[in-house]
Amino acid sequence: MLKTFVAAITATAVVAGGGVAAAANISGAGATFPAPVYAKWAESYKAQTNNALNYQAIGSGGGKKQIIANTVDFGASDKPMKPDELAANGLQQFPTVIGGVVPVMNLPGVKAGQVRLTGDVLADIYLGLIKKWNDPVIASWNKGVPLPNLPITVVHRSDGSGTSFLFTSYLTSENPKWAAGPGANDAVNWPVGLGGKGNDGVAAFVKQTPGSIGYVEYAYAKQNAMDYAVMRNKAGKWVLPTAANFAAAAAGAKWNAAPGFYLLLLDQPGASAWPITGATFILVHSKQTNAQAGHDVLSFFDWAYKNGDAAAAALDYVTLPEPVKALVRKSWKTVVGPDGKPVYK
Amino acid sequence: MSITVNAAPRRTTPRGFAFDPIFEILCFTAATTLLVALGGVIVALAIGGWPALSKFGIGFVTGSTWDPNPDHEIYGAAGPIVGTLITSAAALLMALPVAGGVAFFLVELCPTPLRRPIGTAVELLAGIPSIVYGMWGLFVFAPFFAAHVETPLMAAAPTGSVWETLFSGIPNGSGILAASIILAVMILPFMAATLRELLNTVPAQVRESAYGLGATTAEVVMSVTLPYVRRGAIGAVMLGLGRALGETMAVTFIIGNSHGFPKGLFDSGSTIASTIANEFNEASGLQSSALIALGLVLFLITFVVLALARLMLRNQAKV
Amino acid sequence: MAVSKRRIAGRRLGNVVFVAFCGVVTAVALTALALILYSLVTQGLGGFNLDLFTKSTPAAGTPGGLINAIVGSIMMSVMGMVIALTIGILAGTWLAEYAGESRFGAVVRFLNDVLLSAPSILIGLFVYEILVFPFKTFSGLAGSVALAMLAAPVITRTTEDVLKLQPIALRESGVALGSPVWHVIRNILWRGSASGILTGGLLAFARISGETAPLLFTALNNQFFSWDMTHPMASLPVVIFQDALTPYPDLNRLAWAGALLIAGTVLAVTLVARAFSKEPKR
C-alpha cells in the first residue's frame, strides 16, 4: 500500500513539476510593512494583464539578502540602502509608498490626541529617564491635561522591523542621549520596557497595561482606533497622525537631491508634516540577467504608480507625489539587460 | 537483540533471505541520513556563526549585553540562554506530572467508552498551530493571568521577603512564568500521547499479576508499569523538552522579549529560539551571524541536557 | 495486625490521592484544550464559507479564500511525511533491531534526540542553503524537505521505543518458523507496533502541520494558485502568520479560519488513522 502511495505522490510531483506552467512569473520578497498594498496591486494587475507577481513578506533584511542572492526578481526594504552599499551590490532602489509611525498609549482618564509629546520627551521616556506620567517635563507641554500619577511602562517591538528603524532614527535625531545610547536600527538594545511581537503584540501589551506607551504603524493605529499622541514637528506645530500629514512630510522632501533615493522622511519641514514618516523601497539589480523579468518588474511598478493610488489609500498608505514618480521612472533607464540596453521602454 | 540465522530452511525461497542484508543496509542508510542531516545543520551553523563567535569568544555566552545597532554591535547571549533554561525547565516541571497523570488516567482509570475521545482530544492539542497558542496566550490567557494570578500574588507577597523578589515585574500577563505555562500546555500532548502509547504496550500479564498480588492502582503504576516503560518514558520527556527548547512563535508573543536577565517570575525575558525568530528576518552581517551562533549554542545546550539525561539513566540502571 | 491495617489504610489513601490526581490533571488538560478550541472556533468559524475552498488568498479588502494554501500545504505535508515516514521507520527499526549497543547506534540515537529539539527556523535555514540558494529559487520541494527533517526524528524516536517493547520471544518465534529477519520485522514487529508507530506519525504530522518558520525560507509563499513544486508555493501556516499580523480585520478573520482548518484537519486525520488501528484490548 505504501508503495502505491509513494508512486502516486512521485507521479503527481512529476506531472506538477513538468506539465503545468508556472502561475507566478515574477517573484519578490522583503519588507512586511508594504506587503498588503503590494498584494492588492498584484491582485488587480493579474486581473487586468494576466501577469502574476508574487510578493512575500519575509522582512527587510531578508529582502536585501534574497535580491543579493538572486533568488527573487526584486527585493523590498523599509530601510533604504546607502548609495555606496547599492553600488557594491550592483543594485538600485526606488520608493513606492509612504507610511508613518504613531505613538500610542493607555492612560486612564485621558482621551486620544490629548497628550502632546516632543521627540526629546519621547526619547527620555524610552531611555527610562522620565518614569512617571505626571513628570514635570511632560506636564509642562500638557497644561490642563489630567496626567495620572502612574509609572510609565515602555513597550517596543521585539522583532526587528522597519517601524522600529523609523522610530529609533527619529529619537536619534531628536535626543543626543538616545543617539549616544541605543541609536538607530531595526532592533536596538532597549534600555527599558518590554517587547511585543509585531504591531499586534505591542498593541496588546499597551491595552493590558495602564500607564503604558508604545508605537505602531499608522494603518494599525487607525484600524484599531488606538489612543495616539500629538507630536511637535520641525516647524514647531502640533500635528495629528493623519494620511494628509504624512503626505505633507513626503511633499516637502528633496528627492532630487538624494542620490539613489537614499532619504529618510523624518522631521521634515512643513507646517503639517508628521515627524515620524518614512518611505518603503524596492531593490532591483542594475544589470538584469533576464531582461524579460526585469522588464516585468518595472512594468508592474509603472502600472502601480498609474493605477494603484486609490487602492493604497484604501489601505491607509500614502502614495508618492507625481514629481517623485517621474523621478523614479527616469532612474529606471539605468536598469539594463545582459545586452546593456535598458529593460524598460 | 540481533538475530542470527545460520541455515536457511528449504521451505522459504532464497530470495527472502537474500533481501535480509539489503533490508539491513536500507535501515542503516536511513539512520545515517539522519546523522548526515544533523551534521549538515551543525556545519552550516558553525560556518554561519563563526564570524560572531570568533569576534566575541567566550563573551558571546557570558556577556549579557545584546546590542544589534551596527554602530556598536555587541552580542552577549547570557540573557537568552538563562531564559531558555528557566522556561524549558519550568515548562517540563509543570507538564510532566500532568502528562503522566493524563496517560495513567487514560490507561488505568478511564471508562472504556471515554478512552478514545479523551485520547484524541489530547492529541488534538498537539495539532494546533503554535501561532494560535501565541495569540491565544496574548489575547486570552495574558489578561486572565494578569488579573487573577499576578496582581493578587504581588499584593500578597510580604514586603522584603523572597516572595516579593520572585513576584516582581509588570503585572500585565507577560513574562517568564506566563511563557512557561504556555510552553507547558504545548508540550503536554506530546508527552501524554507518547506515555499513553508506552503504557499500553505493557503486557497484560504483568499488570494483572501485580493486581493479583493485591496492589492498588497507584502501586501498579508506580512500581510495575512505569519502571517497565522507563526507557521509553525518558524518550517521551525528551520529545517534550525538545519542543520546549526550540519553540519560537508562541513564546515570542508572551515572554516580553528583553535581553537582560529576568529578575522575577513576572519579569520579561527572552529565549534563544525567540531571539532568533524576532531578529532573523531583519538581520544582516554580524547580527545574522550572531543569531546563527545562538542556534549553535542551543544545539550545545541540547547536547548537554541529553548527555546528562543519559548519565542519570545509566546510574539508575546500575542501582 | 493493627499495623497492617494501618498500612492498608495508608495504601488505600495513597491510591485515592493518586487516582484523584490523575483525574484532576486530565480535567485540567481538557479544560485547556476546551478554552483554546473555544477561541479558535469562535474566531475562526466566521471566516468559513465556500470562498475559503474555491478562491486564492486575497489582498485586504477583497473577498477570497485559502485554496492555494490548502493545496500547497497538502502537497508539501504529504510529500514531507512520505520522506519522513520512510526514513523515520527504517532508521527507528535499525536502532531497535540492528544497532544494539554499538557505538554508532548510540551516536545516531543521541543525535536524533538533538535533532528533535532543533528550532525549526534553523532547519529552514539549512534547507535554504542546500536547496534554495544553489537553485536560485524558492520551491515547494525545499519546503517538503524542511518538513521531513522536522518530522523524521519524531517518527524515529517513537518507532524505536515501541519496537524495543515488543517481546524478544516474538522475534525468536518468527525466526524459528524459518522467516527471514526482514519478514519478521515487517510482518510481526511492525504490525505489532503499528499503533505506536502511527502515534509517532500523527504527532509528527501535527507538529509539521502548523510550522511557519521552516517554510518561510524554503517554500516562501504564493499569492496565487500553483501546482508547481519547483517554484514558490503557498501554505496555510505562512498565510496564517502573515495575515494574522496585518492590521486588516478581513485578513485576520481569514487567518483564524485557516488555523481552525489546520486543527480540524489534524483532528480528522487522527480520527481516521485511529479508526484503522485497533485500540489495545484491556
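The values are calculated or read from the model by the stated rules, or taken from the named source; none is laboratory data. This is a predicted model, so every value here is computed, not measured. Here Cβ is always computed from backbone atoms with ideal geometry, including for glycine, and neighbour counts include all displayed protein chains.
Name the residues in the range A:290-345 that are on the phi > 0 side of the Ramachandran plot and surrounded by fewer than 20 Cβ atoms within 10 Å (Cβ to Cβ), would you? Once the filter is applied, which keeps residues that are on the phi > 0 side of the Ramachandran plot and surrounded by fewer than 20 Cβ atoms within 10 Å (Cβ to Cβ), the range A:290-345 yields A:Gly340, A:Lys345. Annotation for the range C:128-137: no member residue is buried (at least 24 other Cβ atoms within 10 Å of the Cβ), out of contact with any Phe, Trp or Tyr (no Cβ under 6 Å at 6 or more places or on another chain), in a helix (DSSP H, G or I) and in contact (Cβ under 8 Å) with a residue 60 or more places away in the chain.
Counting just the residues of the range A:29-79 that are on the phi > 0 side of the Ramachandran plot and more than 9 Å from every other protein chain (Cβ to nearest Cβ), which one comes out surrounded by the most Cβ atoms within 10 Å (Cβ to Cβ)?
Of the range A:29-79, the ones on the phi > 0 side of the Ramachandran plot are A:30, A:50, A:59, A:70.
Restricting the remaining residues to those that are more than 9 Å from every other protein chain (Cβ to nearest Cβ) gives A:30, A:50.
Values: A:Gly30: 33, A:Asn50: 8.
This residue is A:Gly30.
Residues that are free of Cβ contacts under 8 Å to residues at least 24 places away in the same chain and not hydroxyl-bearing (Ser, Thr, Tyr) are absent from the range A:262-277.
Taking (1) facing another protein chain (nearest Cβ under 7 Å); (2) closer than 14 Å to C:Ala84 by Cα in turn, C:Val145 satisfies each apart from (1).
The rows are residues; the columns are (1) polar (S, T, N, Q); (2) closer than 24 Å to B:Leu109 by Cβ.
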position	(1), (2)
B:Val220	no, yes
B:Tyr228	no, yes
B:Val237	no, yes
B:Gly256	no, no
B:Pro262	no, no
B:Ser270	yes, no
B:Ser274	yes, no
B:Phe280	no, no
B:Gly285	no, no
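Among the residues making up the range C:246-278, those that are at pLDDT below 80, more than 8 Å from chain B (Cβ to nearest Cβ) and buried (at least 19 other Cβ atoms within 10 Å of the Cβ) are C:Thr246, C:Pro247.
Just one of the listed residues (B:Leu92, B:Leu106, B:Leu96) is of a type outside the set (Val, Ile, Thr) and within 9 Å of another protein chain (Cβ to nearest Cβ), and it is B:Leu106. When you look at A:Gly211, is it in contact with a Ser or Thr (Cβ under 7 Å, 6 or more places away or on another chain) and under 26 Å from B:Val132 (Cβ atoms), yes or no? Criteria not met by A:Gly211.
The residue of the range A:204-228 that is nearest to B:Glu279 (Cα to Cα), among those that are surrounded by fewer than 23 Cβ atoms within 10 Å (Cβ to Cβ) and aliphatic (A, V, I, L, M), is A:Met226.
Within the range B:227-247, being within 8 Å of chain C (Cβ to nearest Cβ) and either at positive phi or more than 12 Å from the chain's Cα centre (by Cα) (or both) holds for B:Val229, B:Arg231, B:Gly232.
Name every residue in the range C:90-104 that is part of a helix (DSSP H, G or I) and either over 18 Å from C:Leu165 (Cα atoms) or more than 8 Å from chain B (Cβ to nearest Cβ) (or both), in order of residue number. Even if it seems obvious, please write down each step before you answer.
Step one: filter the range C:90-104 for residues part of a helix (DSSP H, G or I), giving C:90-99, C:103-104.
Selection gives C:Gly92, C:Arg103, C:Phe104.
To keep it simple, each residue is scored yes or no on (1) at pLDDT below 85; (2) assigned by TED's automatic domain parsing to the domain that holds C:Ser193; (3) acidic (Asp, Glu).
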{"residue": "C:Arg103", "(1), (2), (3)": "no, yes, no"}
{"residue": "C:Ile121", "(1), (2), (3)": "yes, yes, no"}
{"residue": "C:Ala151", "(1), (2), (3)": "no, yes, no"}
{"residue": "C:Val154", "(1), (2), (3)": "no, yes, no"}
{"residue": "C:Glu160", "(1), (2), (3)": "no, yes, yes"}
{"residue": "C:Leu165", "(1), (2), (3)": "yes, yes, no"}
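Within the range C:218-244, being at positive phi and either more than 7 Å from chain A (Cβ to nearest Cβ) or out of contact with any strand residue (DSSP E or B) (no Cβ under 7 Å at 6 or more places or on another chain) (or both) holds for no residue.
Kindly indicate the residue of the range B:128-148 that is in contact with a Pro (Cβ under 8 Å, 6 or more places away or on another chain) and not β-branched (Val, Ile, Thr) and also farthest from the other protein chains (Cβ to nearest Cβ) among those meeting that condition. Break it down stepwise before answering.
First, the residues of the range B:128-148 that are in contact with a Pro (Cβ under 8 Å, 6 or more places away or on another chain): B:129, B:131, B:146.
Now drop any that are not not β-branched (Val, Ile, Thr), which leaves B:129, B:146.
Details: B:Pro129: 3, B:Ala146: 6 Å.
Looking at residues that are in contact with a Pro (Cβ under 8 Å, 6 or more places away or on another chain) and not β-branched (Val, Ile, Thr), I get B:Ala146.
Scanning the range B:36-55 for residues that are without any contact (Cβ under 8 Å) to a residue 24 or more places away in the chain and either touching a Leu at 6+ places or on another chain (Cβ under 6 Å) or closer than 24 Å to C:His183 by Cβ (or both) yields a single hit, B:Leu38. In the condition set (1) at pLDDT below 75; (2) surrounded by 18 or more Cβ atoms within 10 Å (Cβ to Cβ), C:Asp243 is compliant with all but (1).
When residues in the range B:165-206 are screened for being part of a loop (DSSP other than H, G, I, E, B) and within 10 Å of another protein chain (Cβ to nearest Cβ), 9 of them pass. Within the range A:74-99, being hydrophobic (A, V, I, L, M, F, W, C), within 26 Å of C:His231 (Cβ to Cβ) and over 16 Å from the mean Cα position of the chain (by Cα) holds for A:Phe74, A:Leu91. Against the conditions (1) touching a Leu at 6+ places or on another chain (Cβ under 6 Å); (2) more than 20 Å from A:Gly99 (Cβ to Cβ); (3) hydrophobic (A, V, I, L, M, F, W, C), A:Ile68 satisfies every one except (1). Quick check on A:Trp303: is it within 22 Å of A:Lys64 (Cα to Cα) and of a type outside the set (Gly, Ala, Ser)? Taking the combined requirement at face value, the residue does not satisfy it.
Can you find a residue in the range A:200-218 that is farther than 23 Å from A:Trp133 by Cβ and touching a Gly at 6+ places or on another chain (Cβ under 8 Å)? Yes, the conditions are met somewhere in the range A:200-218.
Set side by side, the residues C:Gly46, C:Gly23, C:Gly80 differ, and just one is of a type in the set (Gly, Ala, Ser), free of Cβ contacts under 8 Å to residues at least 60 places away in the same chain and either at negative phi or surrounded by fewer than 17 Cβ atoms within 10 Å (Cβ to Cβ) (or both), which is C:Gly23.
Filter the range C:175-228 for residues that are within 30 Å of A:Ala47 (Cα to Cα) and buried (at least 24 other Cβ atoms within 10 Å of the Cβ) and give the result. Those that are within 30 Å of A:Ala47 (Cα to Cα) and buried (at least 24 other Cβ atoms within 10 Å of the Cβ): C:Thr212, C:Leu215, C:Leu216, C:Phe217, C:Thr218, C:Ala219, C:Leu220, C:Asn221, C:Asn222, C:Gln223, C:Ser226.
For every residue, the table says whether it meets (1) part of a strand (DSSP E or B); (2) small (Gly, Ala, Ser); (3) over 23 Å from the mean Cα position of the chain (by Cα).
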{"residue": "A:Ser27", "(1), (2), (3)": "yes, yes, no"}
{"residue": "A:Gly62", "(1), (2), (3)": "no, yes, no"}
{"residue": "A:Ile68", "(1), (2), (3)": "no, no, no"}
{"residue": "A:Val72", "(1), (2), (3)": "no, no, no"}
{"residue": "A:Val101", "(1), (2), (3)": "yes, no, no"}
{"residue": "A:Ala112", "(1), (2), (3)": "no, yes, yes"}
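If you go through the range A:129-176 and keep only what is surrounded by fewer than 19 Cβ atoms within 10 Å (Cβ to Cβ), in contact (Cβ under 8 Å) with a residue 24 or more places away in the chain and assigned to a helix (DSSP H, G or I), you end up with A:Trp141, A:Ser173.
When A:Asp296, A:Asp316 are checked against the criterion of being acidic (Asp, Glu) and not in a helix (DSSP H, G or I), a single residue qualifies: A:Asp316.
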